[in-house]
Amino acid sequence: MHDQVEAGDVLELSAPAGDFVLSNEESPLVLLSGGIGVTPVMGMLETIAETDSNRPVVFIHATQNSSAHAMKDRIEELASKHPNISSYVCYDSPSAEDRALQNFDKEGFVNLKWLQSIVPHDSTTEFYCCGPAPFMNAVDRALTDWGIPNEQTHYELFNPVSILQEA
């Protein structure tokens, strides 16, 4: 699109489709994103905020550091305006400025011990995860080790290059 679409061109689009959609339940919700995987889970967070849902939400975003942290200000704004939304940030390579400002919650990678410390899990909690393959593998392993049932976990691999490399 960047190379061929010009201002004024007409594009054919369709409504969003797929299996990675929020349930209509009021059960607690954990949205986990890695890198640009924040895009679809951000839409979910916006929907919850727009509907004034009281559904408890834990929003977790993992990325390299603040220079790669997409939608940071919007996530913080939604969490500050909605008491049912809490937000956590994991930087695997925080900058010196990130450390000085203490603008992340965990250094390194998302793991089971950290998840258990921030997620008030009960038997109905739903987990929605989107990100690159290494992130997704780590999250899946953590949730499996935690004993989260498969029917409560929902994944969207947001990295088509990794899919092509596996084929």
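Taken together, the values in this text are just the output of simple stated rules run on the coordinates, not laboratory data. Computed from a prediction, not measured in an experiment: that's the story for all the values here. Neighbour counts run over all protein chains shown; Cβ positions are idealised from the backbone, glycine included.
Inter-label distance, residue 5 to residue 141: 3.7 nm, where each label sits 7 Å from its Cα along the C-beta direction.
Could you put 135, 20 in order, starting from the residue whose Cβ has the fewest other Cβ atoms within 10 Å?
Listed from fewest to most nearby Cβ atoms, that is 20, 135.
Here 91, 155 are placed in order of increasing Cβ neighbour count within 10 Å, fewest first, which gives 155, 91. Amide H contacts of residue 88: 59, 60, 61, each under 5 Å away and 5 or more positions distant or on a separate chain (H built 1.01 Å from N in the peptide plane; Pro and chain starts excluded). Backbone geometry of the range 53-63 corresponds, through the Karplus equation with coefficients 6.51, -1.76 and 1.60 at θ = phi - 60°, to 3J(HN,Hα) couplings of 5, 8, 4, x, 10, 10, 9, 10, 10, 10, 7 Hz, x marking Gly and Pro. Residue separation of residue 86 and residue 118 scaled by 0.36 nm, minus their Cα-Cα distance, works out to 10.6 nm of gained length. Note on the chain: with a GNM built from Cα contacts shorter than 10 Å, the maximum mean-square fluctuation among 52, 92, 140 falls on 52.
With Kirkwood's inverse mean 1/r over C-alpha pairs for Rh, give me the Rg to Rh ratio of the range 29-166, two decimals please.
Ratio value, two decimals: 0.95.
Using the Cβ of residue 68 as centre and a radius below 15 Å, the other residues enclosed give a net charge of -4, where K and R count +1 and D and E count -1.
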